[in-house]
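Written out below as structure tokens is the structure these notes cover.
Rule-based calculations on the coordinates, nothing more; no lab input. All values reported here derive from a predicted model rather than from experimental measurement. Backbone-built Cβ (ideal geometry, glycine too); neighbour counts: all protein chains shown.
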């Protein structure tokens, strides 16, 4: 099957899907930023507890959410193939998988002592981290179920609902977290735990919004989501896990490649840690743009693959890579010219500001190649290719990014006597360059193979 897929219409489709996802992700990130700000004003120990606790929570959550993202390419293929009556059953199995994954995830959050010992968290902070994580555990089943709906809704091409729900969630979370942390609801101040409680409350509210939207919107009736509800099916769950486990590990590898850097650079002093943290936060913010575009690319490639329209799939990939490269270049230029005011807003410490400004050029390079490899890796997920990309992520981000970065920071040349956090960012740039080359080559191979099979 072949269809014409002009650049302009494909670009409009990609951008039309990208911007609601981008807004939703920025709103989600704003909740984490709000937690940090609220805890900082409450107390230093509580700030540390939120910082450590949120890092552990996000690592566990993103591993599990990454697995559930297998719902997106699976449903996208069904949409593209016009197999609408099978979509409801797939989503049902996704919900069952979310509940099954919630069991180990909840246990990790309720009993985090081993993780805290590995991270060498001080006892006074560790106690607050434990209570924060237990509070978030109450909402983990809800957030996993909601993220299953999130993946499904993206796959059927209706991302605006996700943006609306994120707006509701963030609007509730910020004042609720502030009130619970500081004791303004007729109860004692909960400190860092208040942010965790609010996170769980908002997770259940988001799930209720998603289920309500799913059940009331007539556009979903074709999918028969709530008809003939089935229990968990081993074959269906295994198919989702086979596709999703590598996706979850890839997400986990990318996240921990940054969180582990923070542990390694701790020995360089508070100023180096603070400078790295400022730049890392900025990189995470910038990453939301290519990640949103990558999500849209995955969906459109998956729909095209489901329809066996390999020409359209290749066009989506080309347009996605071109848009990501152009947007990343623009963002890099803006970051460079705005570096002084950006750093001035981030810190008043002159030393920290100097370290952050010195690291900023690495972001400009890093995010350019990272945008390309992110779109390429998500396009591969659209083709349902996930196992080899996981191996490539491990090689690039743990092997080159962390391994080479550690050597460049602590052992390369003069840095053996004067270590520098810049080495990790140099390793990160090398990792993303290698990843963009490897993922680009693999994507070309897969797209070419599908085209030959079609012929």
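Name the shape class, rounded, prolate or oblate, that the alpha-carbon gyration tensor gives for segment 245-455, where a ≥ b ≥ c are the square roots of its eigenvalues, rounded holds for a/c under 1.5, and otherwise prolate holds if a/b is larger than b/c and oblate otherwise.
Details: a/c = 2.78, a/b = 1.87, b/c = 1.49.
Judged from the Cα gyration tensor, segment 245-455 comes out prolate (a/c at least 1.5, a/b above b/c).
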| request: Assign one of three labels to segment 31-232, namely rounded, prolate or oblate, based on the Cα gyration tensor with a ≥ b ≥ c the square roots of its eigenvalues; rounded applies when a/c is under 1.5, prolate when it is not and a/b is larger than b/c, and oblate otherwise. | output: prolate
| request: Report relative contact order for the chain in percent, whole number only (criteria: Cα-Cα under 8 Å, sequence separation at least 6). | output: 22 percent
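Going by average Cβ density within 10 Å per residue, which order do the peptides 35-45, 124-134 take, highest to lowest? It would help to have the intermediate numbers written out before the result.
Numbers: 35-45: 17.9, 124-134: 21.3.
Result, highest mean Cβ count within 10 Å first: 124-134, 35-45.
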| request: Can you bin segment 279-335 into rounded, prolate or oblate? Criterion: square roots of the alpha carbon gyration tensor eigenvalues sorted a ≥ b ≥ c, rounded for a/c under 1.5, prolate for a/b above b/c, oblate for the rest. | output: oblate
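Could you work out [θ]222 nm for the chain from helices alone, using -39500 (n - 2.57) per DSSP H run of at least four and dividing by all its residues? Round to the nearest 500 deg cm²/dmol.
Values: 17 runs with 363 residues, N = 455.
For the chain, the value works out to -27500 deg cm²/dmol.
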| query | Sorted by mean Cβ packing within 10 Å, highest first, what order do the peptides 9-22, 303-316 take? | reply | 303-316, 9-22
| message | With only alpha-carbon pairs counted, each pair once and no self-pairs, how large is the Kirkwood hydrodynamic radius of the chain in angstroms? | response | 22.8 Å
| query | So how do 373-384, 210-221, 246-257 stack up, highest first, on mean other-Cβ count within 10 Å? | reply | 373-384, 246-257, 210-221
| remark: Nearest-0.05 FRET efficiency for residue 414 and residue 185 at R0 = 60 Å, using Cβ-Cβ distance, is 0.60
| request: Please work out the Cα center distance from segment 155-196 to segment 255-299, rounded to the nearest Å. | output: 23 Å
| remark: Under the 7 Å Cα-to-Cβ spin-label approximation, residue 212 and residue 338 lie apart by a distance in nanometres of 3.5 nm
